[in-house]
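Worksheet: one structure, shown below.
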Amino acid sequence: MNRKVAFKTLGCRLNQYETDSVMSDFVNAGYEIVDFNQPADAYVINTCTVTNMGDHKSRQVISQASRRTEDAVLVVTGCMVNNHKDKLDQNDRITYAIENDRKGSIFHLLDSHFKGEIVHPDELIRDRFAFGAAENSFHSRSLIKIQDGCNNFCTFCIVPHVRGRAESRPYFDVEKNIREVLEFGYREIVLTGVNIGRYEHEGLNFEGLVEKILNIPGDFRVRISSIEPEGFGDKLFEMFGHPKLTPHLHMCLQSGSEKILLKMRRQYTVDQFTSMVNKIKSRIPDFNFTTDIIVGFPGETEEDFLDTCRVADEIGFSHIHTFKYSVRKGTRAERLPDHLSEKVKNERSAVIRDLAEKHKRAYRRSFIGKEQTVLVEKIDSRGFAHGYGEHYMPVRFKADEHTLVKNFRSVKITSLDKGNDPELVGKV
Ligand code: SF4
């Protein structure tokens with residue numbers, strides 16, 4: 001009888017990659033994957049702990065699953081486990097709490113469980129790269145893990161404490177993974193990790209890795225997921241313009257105040273950040289930069305905040321992921337003086353969001369009259385196809401007989417929708 005398994009993933013693309021891979025193990029073994037709101041024999045929750053909100057949402061999902069059915073096996077994994085293992089181990093409703101470096105063995109654990117061969121989680125191998133190529137995925141593009149962990153210890157960040165020290169995946173495994181997902185029919189791969197710009201394996205650095213991947217034959221494109229603005233060289237910038245490398249970088253600024261960047265122990269200055277942006281934009285004027293910004297970091301004055309607004313305005317990010325600073329236990333920033341009120345954080349967060357929305361509309365509007373190569377993600381009941389172009393903007397167009405999900409379609413942009421996060425509208 002097909003056992004039913006449901007998955008819920010919180011947080012970053014790295015978590016999503018890991019869930020896709022584990023889920024594929026179950027599908028390949030004949031298990032049925034059901035929606036998280038459906039009855040299942042097992043629920044697997046891949047948690048996030050990067051902010052208070054990440055913890056809060058993870059707890060919510062765990063209690064939802066706990067209330068679902070007494071009999072189901074409940075597996076909780078991900079960064080919240082590494083951050084709060086003892087507490088989760090005391091929750092009787094959780095069958096298994098699995099740390100990040102054992103996540104790749106969840107199929108073995110559960111499959112043995114259902115066969116009555118109880119395996120103790122401590123017996124599972126510790127390997128942060130023990131993930132197979134994800135044939136089945138909750139996404140239209142294939143996420144590829146190239147690196148894990150981080151040595152930077154930015155003062156606000158819990159990630160090095162829960163994902164461990166930086167480690168890079170051997171290039172041979174990365175290429176094998178990519179060739180496999182291309183075989184599965186994926187046309188866009190997204191390079192992901194914790195601090196991917198710091199990739200280094202046997203002398204191969206991040207630029208070298210990207211260059212080798214671009215040389216893999218096949219009609220596909222490469223997207224670089226979130227990247228810290230350090231660790232890689234100008235050679236990466238020169239590679240943009242390559243037909244396979246998408247003209248988009250989500251490069252994390254965090255603050256536009258030099259003083260605050262120092263307090264965060266970030267490894268670049270505002271000037272260095274803007275010069276990286278200008279280096280690319282001087283060659284590719286419509287290149288898409290998106291970013292993360294933290295508002296309300298301890299000691300952030302009104303003046304510091306205005307610096308952040310000015311820099312974000314000058315660069316014109318087409319999307320800003322705005323975080324209100326939240327204390328992470330065990331990080332250096334927790335011990336800093338001058339923590340700000342929620343009121344101030346909410347006010348500053350609203351200012352950044354309005355600024356971001358203004359630039360998002362202006363940037364997307366600038367593509368009216370231009371072409372986008374859209375990776376089709378779905379075709380809705382009205383016959384409209386939806387997907388993202390190479391500049392990573394959402395596009396909608398009337399599908400025709402040549403429009404296939406998970407395939408590219410060249411679209412002429414004709415207008416921009418109204419409302420928040422507006423879709424570009426086009427025609428083929
Ligand atoms: S570089 Fe990124 S992952 Fe590493 S400590 Fe800083 S914010 Fe966290």
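Each listed q (0.15, 0.25, 0.26 Å⁻¹) maps to a log10 I(q)/I(0) for the range 371-427, found by the Debye formula over equal Cα scatterers with no solvent: -0.34, -0.96, -1.04.
Annotation: per residue accessible area for the range 371-427 equals 49 Å², rounded to a whole number [probe 1.4 Å, protein chains only]. Rounded to the nearest angstrom and listed largest first, the equivalent-ellipsoid semi-axes of the range 250-373 from its Cα gyration tensor are 28, 16, 11.
From the mean inverse distance of alpha carbon pairs (Kirkwood) and the Cα radius of gyration, derive Rg over Rh for the range 142-365. Radius of gyration relative to Kirkwood radius: 0.98.
Remark on Lys324: its backbone amide H falls under 5 Å from those of Val295, a criterion applied only to residues 5 or more positions apart or on other chains, H modelled at 1.01 Å from N. Share of carbon and sulfur in the accessible area of the range 142-365 stands at 52%, probe radius 1.4 Å.
For the chain, calculate the relative contact order in percent as a whole number, restricting contacts to Cα pairs under 8 Å that are 6 or more residues apart.
Values: 826 pairs, mean separation 44.7, N = 428.
The value is 10 percent.
Using the rule -39500 (n - 2.57) for each DSSP H run of four or more residues, divided by the residues of the chain, the 222 nm mean residue ellipticity is -10500 deg cm²/dmol.
At q = 0.21 Å⁻¹, work out log10 I(q)/I(0) for the range 87-222 with the Debye formula, treating every Cα as an identical point scatterer and leaving solvent out; two decimals please. Relative scattering, expressed as log10 I(q)/I(0), comes to -1.27.
Here the average projected area of the convex hull drawn through the C-alpha atoms of the range 4-123 stands at 6.7 nm². For the range 201-242, the Kirkwood hydrodynamic radius comes to 11.4 Å, computed from all pairs of different C-alpha atoms. Net charge dipole, the chain: roughly 900 debye, given to the nearest 20, about the Cα centre with Cβ charges of +1 for Lys and Arg and -1 for Asp and Glu. Of the residues Gly218, Gly316, Gly256, the one that moves most in a GNM of the chain with alpha-carbon contacts below 10 Å is Gly218. When the chain is modelled as a GNM with alpha-carbon springs shorter than 10 Å, which of Val222, Val351, Val73 fluctuates the most? In this elastic network of the chain, the residue with the biggest mean-square fluctuation among Val222, Val351, Val73 is Val351.
Across Val270, Val119, Val174, mean-square fluctuation computed from a Gaussian network of the chain (C-alpha pairs under 10 Å connected) peaks at Val119.
Applying a 4.7 Å cutoff between beta carbons, the unpaired cysteines of the chain are Cys12, Cys48, Cys79, Cys150, Cys252, Cys309.
When you count, for each residue, the other Cβ atoms within 10 Å and take the mean per peptide, how do 17-29, 105-117 rank with the highest first? Don't skip to the answer; put the middle values down first.
Numbers: 17-29: 21.2, 105-117: 16.6.
Descending mean neighbour count gives 17-29, 105-117.
Computed from label points 7 Å out along Cα-Cβ, the spacing between Tyr392 and Thr301 is 3.4 nm.
Across q = 0.19, 0.24, 0.25, 0.29 Å⁻¹, the range 243-302 modelled as identical point scatterers on its alpha-carbon atoms has Debye log10 I(q)/I(0) values of -0.74, -1.00, -1.05, -1.24, in the order of the q list. For the chain, dividing the convex hull volume of the Cα atoms by the residue count gives 154 Å³ per residue. Look at the dipole of the chain built from charges on Cβ: of Gly132, Ile379, Asn82, the Cα furthest out on the positive end belongs to Ile379. Placing unit charges on each Cβ (+1 for Lys and Arg, -1 for Asp and Glu) gives the chain a dipole about its Cα centre, and among Cys154, Tyr31, Leu262 the Cα reaching farthest toward its positive end belongs to Leu262.
Give the carbon-plus-sulfur fraction of the accessible surface of the range 4-123 in %, rounded to a whole number; probe 1.4 Å, heavy atoms of protein chains only.
Details: 2320 of 5100 Å².
After summing per-atom areas, the C and S share lands at 45 percent.
Protein heavy-atom accessible surface, 1.4 Å probe, per residue over the range 4-123: 43 Å².
The values are calculated or read from the model by the stated rules, or taken from the named source; none is laboratory data. Because the structure is a prediction, the values reported are computed rather than measured. Glycine also receives a Cβ, built like all others from the backbone with ideal geometry; neighbour counts cover every protein chain displayed. Ligands, DNA and RNA are excluded from the accessible area calculation, which covers all protein heavy atoms including side chains. Shrake-Rupley method; radii C 1.70, N 1.55, O 1.52, S 1.80 Å.
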